[in-house]
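**Student:** Got a structure for you, questions after.
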Amino acid sequence: MADSRFFSVSSPIPLSQLAETANAELVNGAADQLMEDVGPLSLAGPAHVSFLDNKKYVTQFTQSKAGACVVGPEMVEKAPEGMALLVTKEPYLGYAKIAQLFYPDARQTPDASDRAFIASSAVIGADVILGAGAVISERAEIGDRCRIGANAVVGAGCIIGADTNIGSNVSLSHSIVGQQVTIFPGVSIGQDGFGFAISSTGAVKVPQLGRVIIEDRVEIGANSTIDRGAGPDTIIGAGTMIDNLVQIGHNVEIGKNCVVVSQVGVSGSTVIGNGVLIGGQTGFAGHLRIGDGARIAARSGVTKNVEPGGVVGGFPARPMRQWLREQAFVERLVKKR
């Protein structure tokens, strides 16, 4: 279903393998039935696998021509006749794993070029692909099977772990990057943090002497920026997903498996725990502590610490139920007037 100019699909895969990959139970289908691709409910045909994770699309599901579909247990009885079902409590997760099976390398790979610049003291691992104009500076270390896009710059002394993908026009300095990290085009990592001492004669720059540490399996979206620490390091925990256009200040620590949606800004020295979800356009004041598992609604202004598991929203951010009651109260006042 994907455009073959940009994506290459694997060979047909039997339903038994798809069920195993998705940790799903196969219902109404033959184990050896071959599927050729994935596709949306409205466009999928008899050789395609689709999924249903949102009840808004139940009508599309009942009318779909897909040969197989990843669904929750509650949808089995609503399936159209002849559709094989891959039944799991987490349909979207199951579909994601199946899509990876069909498209194991869906991201663009830079064309290898002899027009990259590699400093004499740089160390390049095996099977590394460097795009045109890529710069690998002195003492940089690039792990095996990394892909560095066109015009990307890996600064002096940076270390890039194995199987990491760096997009075009990325700038890296003062950074240590783990394995299986994905950095999308235009990202800037390791630049000076915004640190000044204010005096009667103006601002005096404070040297930023820390690093950026990016742990394994992190994803950083296009045109995001991550400042290096002023002394302590800026740290992004393993498995964290950062969307496009996010700004992370110096000394910030983000825990493992967090999700940070686009246009979020995190001020310096804020510490964010593990498994935190942050909605788009949220802003954080500096030196805060955000507990593990917290949820921050989109467009919130976080000015105080958030307890582990806390759910907050609004500006200034406060417990979600309180914020929603306040909004409802204001709406009623306006209607009365």
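**Student:** Within the range 37-45, is there a residue that is among the hydroxyl-bearing types (Ser, Thr, Tyr) and either over 19 Å from THR88 (Cα atoms) or in a helix (DSSP H, G or I) (or both)? Quick ask: steps written out before the conclusion?
**Tutor:** So the first thing to find is which residues in the range 37-45 are among the hydroxyl-bearing types (Ser, Thr, Tyr), and the list is 42.
Cutting the leftovers down to either over 19 Å from THR88 (Cα atoms) or in a helix (DSSP H, G or I) (or both) gives us 42.
Scanning the range 37-45 turns up at least one residue that is among the hydroxyl-bearing types (Ser, Thr, Tyr) and either over 19 Å from THR88 (Cα atoms) or in a helix (DSSP H, G or I) (or both).
**Student:** Let me ask something else. Please go through the range 102-123 and give me each residue that is at pLDDT 95 or above and more than 19 Å from GLY149 (Cβ to Cβ), ordered by number.
**Tutor:** Result: PHE102, SER120, SER121, VAL123.
**Student:** OK, next. Considering SER113, SER121, which residue is part of a loop (DSSP other than H, G, I, E, B), surrounded by fewer than 18 Cβ atoms within 10 Å (Cβ to Cβ) and free of Cβ contacts under 8 Å to residues at least 24 places away in the same chain? Show your work before the answer.
**Tutor:** Numbers: SER113 fails: free of Cβ contacts under 8 Å to residues at least 24 places away in the same chain.
Result: SER121 is the single residue among SER113, SER121 that is part of a loop (DSSP other than H, G, I, E, B), surrounded by fewer than 18 Cβ atoms within 10 Å (Cβ to Cβ) and free of Cβ contacts under 8 Å to residues at least 24 places away in the same chain.
**Student:** So which residues in the range 40-68 are in contact with a Gly (Cβ under 8 Å, 6 or more places away or on another chain) and buried (at least 22 other Cβ atoms within 10 Å of the Cβ), if there are any at all?
**Tutor:** Residues of the range 40-68 that are in contact with a Gly (Cβ under 8 Å, 6 or more places away or on another chain), as a first pass: 44-53, 65-68.
The answer is ALA44, HIS48, VAL49, SER50, PHE51, LEU52, ALA66, GLY67, ALA68.
**Student:** In contact with a Phe, Trp or Tyr (Cβ under 9 Å, 6 or more places away or on another chain) and among the β-branched types (Val, Ile, Thr): does that describe VAL204?
**Tutor:** Working: in contact with a Phe, Trp or Tyr (Cβ under 9 Å, 6 or more places away or on another chain): yes; among the β-branched types (Val, Ile, Thr): yes.
Yes.
**Student:** Let me ask something else. Scan the range 241-256 for residues that are within 11 Å of the chain's Cα centre (by Cα) and free of Cβ contacts under 8 Å to residues at least 24 places away in the same chain and report the count.
**Tutor:** Kept after step one, since they are within 11 Å of the chain's Cα centre (by Cα), are these residues of the range 241-256: 241-244.
Next, from what is left, pick out any that are free of Cβ contacts under 8 Å to residues at least 24 places away in the same chain: 241.
The qualifying residues number 1.
**Student:** Please find, among ALA84, ALA126, the residue that is buried (at least 20 other Cβ atoms within 10 Å of the Cβ) and at pLDDT 95 or above. So that I can check it myself, show each step before the final result.
**Tutor:** Values: ALA126 fails: buried (at least 20 other Cβ atoms within 10 Å of the Cβ).
The conditions single out ALA84.
**Student:** Just to check your reading of the model, which residue among ILE290, ILE296 is more than 11 Å from ILE272 (Cα to Cα) and modelled with pLDDT of 95 or more? Give the derivation first.
**Tutor:** Working: ILE290 fails: more than 11 Å from ILE272 (Cα to Cα).
Every option except ILE296 fails the conditions.
**Student:** Restricting the first residue to the range 52-69 and requiring it to be more than 22 Å from ASP32 (Cα to Cα), which pairs with a second residue that is among the hydroxyl-bearing types (Ser, Thr, Tyr) and part of a helix (DSSP H, G or I) meet a Cβ separation below 8 Å and a spacing of at least six or different chains?
**Tutor:** ASP53/TYR92; ASP53/TYR95
**Student:** Is it the case that ILE235 is without any contact (Cβ under 8 Å) to a residue 24 or more places away in the chain, under 22 Å from GLN208 (Cα atoms) and either assigned to a strand (DSSP E or B) or not charged (D, E, K, R) (or both)? Explain how you work it out, then say what you get.
**Tutor:** Numbers: without any contact (Cβ under 8 Å) to a residue 24 or more places away in the chain: yes; under 22 Å from GLN208 (Cα atoms): yes; either assigned to a strand (DSSP E or B) or not charged (D, E, K, R) (or both): yes.
Here the answer is yes, as ILE235 does meet what is asked.
**Student:** Going through the range 303-330 one residue at a time, which ones are polar (S, T, N, Q) and within 16 Å of GLY279 (Cα to Cα)?
**Tutor:** As a first pass, look at the range 303-330 and keep what is polar (S, T, N, Q): 303, 305, 322, 327.
Of everything in the range 303-330, just one residue is polar (S, T, N, Q) and within 16 Å of GLY279 (Cα to Cα), namely THR303.
**Student:** Can you work out which of the residues in the range 12-27 that are free of Cβ contacts under 8 Å to residues at least 24 places away in the same chain and within 18 Å of ALA66 (Cα to Cα) is surrounded by the most Cβ atoms within 10 Å (Cβ to Cβ)?
**Tutor:** The first filter runs over the range 12-27 and keeps only residues free of Cβ contacts under 8 Å to residues at least 24 places away in the same chain, leaving 14, 16, 20.
After this cut, where a residue has to be within 18 Å of ALA66 (Cα to Cα) as well, the list is 14, 16.
Numbers: PRO14: 16, SER16: 14.
Step by step, filter the range 12-27, then rank; the result is PRO14.
**Student:** Right, here's the next one. Given the conditions (1) surrounded by fewer than 20 Cβ atoms within 10 Å (Cβ to Cβ); (2) touching a strand residue (DSSP E or B) at 6+ places or on another chain (Cβ under 6 Å), and given that ILE160 satisfies all but one, which numbered condition is not satisfied?
**Tutor:** With (1) surrounded by fewer than 20 Cβ atoms within 10 Å (Cβ to Cβ); (2) touching a strand residue (DSSP E or B) at 6+ places or on another chain (Cβ under 6 Å) applied to ILE160, the lone miss is (1).
**Student:** Exactly one of these conditions fails for ALA96: (1) touching a residue at least 12 places away in the same chain (Cβ under 8 Å); (2) surrounded by fewer than 17 Cβ atoms within 10 Å (Cβ to Cβ). Give me its number.
**Tutor:** (1)
**Student:** Report yes if some residue within the range 200-220 is hydroxyl-bearing (Ser, Thr, Tyr) and at pLDDT below 95; otherwise report no. Full working, then the answer.
**Tutor:** Step one: of the range 200-220, the residues hydroxyl-bearing (Ser, Thr, Tyr) are 200-201.
Imposing the further condition that a residue be at pLDDT below 95 reduces the set to 200-201.
Looking through the range 200-220, at least one residue is hydroxyl-bearing (Ser, Thr, Tyr) and at pLDDT below 95.
**Student:** Any idea which of ASN305, ASN274, ASN244 is more than 23 Å from GLY193 (Cβ to Cβ) and at pLDDT 95 or above?
**Tutor:** Numbers: ASN305 fails: more than 23 Å from GLY193 (Cβ to Cβ); ASN244 fails: more than 23 Å from GLY193 (Cβ to Cβ).
Unique residue meeting the criteria: ASN274.
**Student:** Is it the case, given these coordinates, that ILE183 is modelled with pLDDT of 95 or more, crowded, with 24+ Cβ neighbours inside 10 Å and at negative phi?
**Tutor:** Working: modelled with pLDDT of 95 or more: yes; crowded, with 24+ Cβ neighbours inside 10 Å: yes; at negative phi: yes.
Considered against the rule, which asks whether it is modelled with pLDDT of 95 or more, crowded, with 24+ Cβ neighbours inside 10 Å and at negative phi, ILE183 comes out as yes.
**Student:** Being outside any strand (DSSP E or B), in contact with a Pro (Cβ under 8 Å, 6 or more places away or on another chain), of a type outside the set (Lys, Arg) and within 19 Å of GLY255 (Cβ to Cβ) is the filter here, so list the residues in the range 295-337 that pass it.
**Tutor:** So in the range 295-337, the residues outside any strand (DSSP E or B) come out as 297-300, 303-305, 307-310, 314-317, 320-337.
Then keep just the ones that are in contact with a Pro (Cβ under 8 Å, 6 or more places away or on another chain); that gives 303-304, 310.
If we keep only those that are of a type outside the set (Lys, Arg) as well, we get 303, 310.
Once the filter is applied, which keeps residues that are outside any strand (DSSP E or B), in contact with a Pro (Cβ under 8 Å, 6 or more places away or on another chain), of a type outside the set (Lys, Arg) and within 19 Å of GLY255 (Cβ to Cβ), the range 295-337 yields only GLY310.
**Student:** Output the residues belonging to the range 215-238 that are more than 25 Å from GLN263 (Cβ to Cβ) and within 24 Å of the chain's Cα centre (by Cα). Before the answer, list the steps.
**Tutor:** Here is the first cut: in the range 215-238, the ones more than 25 Å from GLN263 (Cβ to Cβ) are 216, 231-232.
Result: ASP216, single match.
**Student:** Show me the strands (runs of 3 or more DSSP E) entirely contained within the range 136-214 in which 3 or more residues are more than 24 Å from the chain's Cα centre (by Cα).
**Tutor:** Fully inside the range 136-214 and qualifying: 196-199, 202-205.
The values are calculated or read from the model by the stated rules, or taken from the named source; none is laboratory data. Keep in mind the model is a prediction, meaning the values are calculated, not measured. Positions of Cβ are backbone-derived with ideal geometry, glycine not excepted, and every protein chain shown enters the neighbour counts.
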